[in-house]
1. Failed condition for W8, given (1) closer than 18 Å to I94 by Cβ; (2) touching a helix residue (DSSP H, G or I) at 6+ places or on another chain (Cβ under 6 Å); (3) among the hydrophobic types (A, V, I, L, M, F, W, C); (4) not in a helix (DSSP H, G or I), with all others met?
2. Which one is farthest from the chain's Cα centre (by Cα), of the residues in the stretch 52-85 that are surrounded by 15 or more Cβ atoms within 10 Å (Cβ to Cβ) and in contact (Cβ under 8 Å) with a residue 40 or more places away in the chain?
3. Among the numbered criteria (1) within 16 Å of H79 (Cα to Cα); (2) open to solvent by 80 Å² or more (accessible area, probe 1.4 Å); (3) in contact with a His (Cβ under 9 Å, 6 or more places away or on another chain), which one does E42 miss?
4. Name every residue in the stretch 11-39 that is open to solvent by 70 Å² or more (accessible area, probe 1.4 Å) and not in a strand (DSSP E or B), in order of residue number.
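The values are calculated or read from the model by the stated rules, or taken from the named source; none is laboratory data. Computed from a predicted structure; not experimentally measured. As a convention, Cβ positions derive from the backbone with ideal geometry for all residues, glycine included, and neighbour counts pool all protein chains shown. To get the accessible areas, we keep the full protein, side chains included, count just its heavy atoms, and leave off ligands, DNA and RNA. Shrake-Rupley method; radii C 1.70, N 1.55, O 1.52, S 1.80 Å.
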Amino acid sequence: MTADKICWQVVAEGQYRLSGSLDRDTVPAFWRQRSEWMPHNEQLVLDLVDLSRVDSAGMVMLLHLCQHLKQAGSHVMLHNVPQQLKTLFRLSHIEPMLTACME
């Protein structure tokens, strides 16, 4: 099985788009390369509209990303969160923790 590539795109200052398949096949390599794409904005918006697939590994990666950025002093807002990801949040009982950063 060939894994879809995860693509991190800068849309504008403080605005980013994540696309592709965010799953157990793609997350490890993408996370190892985070020094190449990790943003350093105080306020940032991450648009998830172009994600084709998200599994629990992708959800955990997003949680780590949000935690890492928060510890670095950034405020993260997730836009266009796919229903599949919202369901994973709900089933994992973490949806209440993320409500403030989802639109």
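1. (1)
2. R53
3. Result: E42 fails condition (1) only.
4. Of everything in the stretch 11-39, those that are open to solvent by 70 Å² or more (accessible area, probe 1.4 Å) and not in a strand (DSSP E or B) turn out to be E13, R24, D25, R32, Q33, R34, S35, E36.
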